Ligand code: C5P
């Protein structure tokens, strides 16, 4: 088909979604935040005390989870069984369990299936950890993002602080480091650069510079 998929993968809090949104807006593509899907599943698992080692419980839970994106102005709006959870999935309880949940094979199989369905007929920009390797290995453009972990923690801290005055830079740094570790060492499609992905280290780049870089690759 002549449809175009842009895959953006990389470490936690690297600005993947900022770049993916800007790119989608510029290109008039659909933006899909795959991390929001794993976060919503993690939220459901937390609320329902799902045992991460219990295959039957996990399968039952996955059957009951219905996720939907409704995109307005390229922000991520996700519903979990018709409840708007876009804000709650960003909070620490979810951030602390999402990588363990996303490491579960059954969870990944279901999410990848849904993600591939979303990309079947439309031009999309999707960001995540395995988009260029597992979800869309034939994506037209693959970008692998990285940045200094301290810079990443500071950016995320500034973003979360206004709504979460109790949050500390230390806990954010720890969470990012821990998620990077879990995501790169898990058995099921670990975070790894696809051999044909372009590396974008944005430690010293502002969002406009990143967008120009990405657009030059899409062209
Ligand atoms: O992108 P974000 O940081 O919101 O993703 C949250 C978590 O979801 C990641 O730390 C990772 O464990 C998981 N994830 C994944 N595969 C994706 C997207 C996210 O495993 N494609």
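The values are calculated or read from the model by the stated rules, or taken from the named source; none is laboratory data. As the structure is a prediction and not an experimental result, all values here were calculated from the model. Because the Cβ atoms are built from the backbone with ideal geometry, glycine has one as well, and the counts that use them run over all protein chains shown.
Could you tell me whether the stretch 191-205 includes any residue that is closer than 23 Å to residue 40 by Cβ and either at pLDDT 95 or above or away from the ligand (no atom under 13 Å from the Cβ) (or both)?
yes
Quick grid of which residues meet (1) touching a helix residue (DSSP H, G or I) at 6+ places or on another chain (Cβ under 8 Å); (2) in a loop (DSSP other than H, G, I, E, B); (3) over 23 Å from residue 177 (Cα atoms):
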site	(1), (2), (3)
8	yes, no, no
22	yes, no, yes
35	yes, no, no
43	yes, no, no
59	yes, no, yes
68	no, no, yes
89	yes, no, no
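When the residues of the stretch 182-208 are filtered to those that are out of contact with any strand residue (DSSP E or B) (no Cβ under 8 Å at 6 or more places or on another chain) and surrounded by fewer than 12 Cβ atoms within 10 Å (Cβ to Cβ), which remaining residue is farthest from residue 151 (Cα to Cα)?
Going through the qualifying residues, I end up with 187.
Only one residue in 97, 109 is closer than 21 Å to residue 189 by Cα, within 13 Å of the ligand (Cβ to nearest atom), in a helix (DSSP H, G or I) and over 15 Å from the mean Cα position of the chain (by Cα). Which one?
109
Looking at residue 172 and the list (1) assigned to a helix (DSSP H, G or I); (2) under 23 Å from residue 115 (Cβ atoms), which single condition is not satisfied?
Every condition holds for residue 172 apart from (2).
Among the residues of the stretch 10-24, are any surrounded by fewer than 17 Cβ atoms within 10 Å (Cβ to Cβ), away from the ligand (no atom under 14 Å from the Cβ) and over 19 Å from residue 134 (Cβ atoms)?
No, the stretch 10-24 has no match at all.
Mind listing whichever residues of the stretch 45-57 are part of a helix (DSSP H, G or I) and either crowded, with 16+ Cβ neighbours inside 10 Å or under 19 Å from the mean Cα position of the chain (by Cα) (or both)?
Once the filter is applied, which keeps residues that are part of a helix (DSSP H, G or I) and either crowded, with 16+ Cβ neighbours inside 10 Å or under 19 Å from the mean Cα position of the chain (by Cα) (or both), the stretch 45-57 yields 45, 46.
Give me the pairs, please: first residue somewhere in the stretch 75-91 and over 24 Å from residue 157 (Cβ atoms) and within 14 Å of the ligand (Cβ to nearest atom), second residue anywhere and at pLDDT 95 or above and not in a strand (DSSP E or B), beta-carbon distance under 6 Å, and either six or more positions apart or on two chains.
none
Across the stretch 63-76, what is the total count of residues that are closer than 18 Å to residue 17 by Cα and crowded, with 16+ Cβ neighbours inside 10 Å?
3
Going through the stretch 25-41 one residue at a time, which ones are closer than 16 Å to residue 144 by Cβ and either modelled with pLDDT under 95 or buried (at least 24 other Cβ atoms within 10 Å of the Cβ) (or both)?
34
Can we say residue 121 is under 21 Å from residue 20 (Cβ atoms), assigned to a loop (DSSP other than H, G, I, E, B) and out of contact with any strand residue (DSSP E or B) (no Cβ under 6 Å at 6 or more places or on another chain)?
yes
Yes or no, residue by residue, for (1) over 23 Å from residue 42 (Cα atoms); (2) buried (at least 19 other Cβ atoms within 10 Å of the Cβ):
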{"site": "115", "(1), (2)": "no, yes"}
{"site": "120", "(1), (2)": "yes, no"}
{"site": "124", "(1), (2)": "yes, yes"}
{"site": "131", "(1), (2)": "no, yes"}
{"site": "138", "(1), (2)": "yes, no"}
{"site": "142", "(1), (2)": "yes, yes"}
{"site": "146", "(1), (2)": "yes, no"}
{"site": "151", "(1), (2)": "yes, no"}
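Yes or no: residue 183 under 14 Å from the mean Cα position of the chain (by Cα) and on the phi < 0 side of the Ramachandran plot?
yes
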